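Below: one structure, written as structure tokens.
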Amino acid sequence: MKTTTNININGISFTLDEDAYQMINEYMISLKSHFKNKKGGAEIISDIEARIAELFQKMLNDNKQVINLEDVKKVKSQLGQPSDFESDNEEDQAYDYSYDFTRKRLYRDINDRMIGGVCSGLGAYFHVDTTWVRLAFVIAIISGVSPFIYLILWIVIPPAISATERLEMRGEAVNISNIEKAIKEELNEIRDKVDDLAGQARDKFRRKKKQ
């Protein structure tokens, strides 16, 4: 019988057999080494760990409480290796990224919101332009539908906070490449907002100075 090891991933404890532990440990070391000097590296690693924990949880049930080597291989197959995404040679890609645990999920898009991100989340889920969803809500309220419907949806639908949740909201594969892309997009959006605020502050200061 193989020995087992308990590890903590994203705040959740898992039991792995010795082969599975060795593989996931080497995998995490390679990921941390790859992203340690990259922009948003800490956030990328955090989201990858959260995704690994989610996938491991789905593999466990009342009859199975230990993650084995095949489970880790499946997780790596979905997430991929950083080096694979950087290679231009398809033959160098060691894993099959078509293996997918995910499905499209409904979230509130708090990065594209006018109030709570409900309409933008519904638009992403049903692949409809957010403008049409917002217009439909306005027409419904004018027609007599209670605005509390929006409030209920705001409470019931969770926000897409992590990169994994934003990818699931858009129906995109949750792998290393897309997680890295989502984190970088978020950081760029934050930088642009900061630049805009700084520009507005400078303009306001100059106008006051002229007065």
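Applying a threshold of 6 Å to beta carbon distances and a minimum spacing of six or more residues, or different chains, the list of pairs starting in region 48-60 at a residue that is more than 14 Å from Leu167 (Cα to Cα) and ending at one that is in a helix (DSSP H, G or I) and among the aromatic types (Phe, Trp, Tyr) is empty.
Of the candidates Asp203, Asp195, the single residue that is farther than 22 Å from Ala53 by Cβ, acidic (Asp, Glu) and within 28 Å of the chain's Cα centre (by Cα) is Asp195.
Whenever a residue of region 178-203 is closer than 16 Å to Glu168 by Cβ, its partners that are small (Gly, Ala, Ser) and surrounded by 10 or more Cβ atoms within 10 Å (Cβ to Cβ), lying with C-beta atoms within less than 6 angstrom and at least six residues away or across chains, give the pairs Ile179/Ala163; Ala182/Ala163; Ile183/Gly40; Ile183/Ala163.
Among the residues of region 12-27, those identified as free of Cβ contacts under 8 Å to residues at least 24 places away in the same chain and either under 23 Å from Lys184 (Cβ atoms) or surrounded by fewer than 19 Cβ atoms within 10 Å (Cβ to Cβ) (or both) are Ser13, Glu18, Gln22, Asn25, Glu26. When residues in region 109-147 are screened for being hydroxyl-bearing (Ser, Thr, Tyr) and surrounded by 13 or more Cβ atoms within 10 Å (Cβ to Cβ), 3 of them pass. For region 130-144, taking the residues that are over 14 Å from Arg113 (Cα atoms) and of a type in the set (Val, Ile, Thr), the one that is farthest from the chain's Cα centre (by Cα) is identified as Ile142.
Bear in mind that the values in this text are calculations on the coordinates, not laboratory data. Keep in mind it's a predicted model, so treat the numbers as computed, not measured. Positions of Cβ are backbone-derived with ideal geometry, glycine not excepted, and every protein chain shown enters the neighbour counts.
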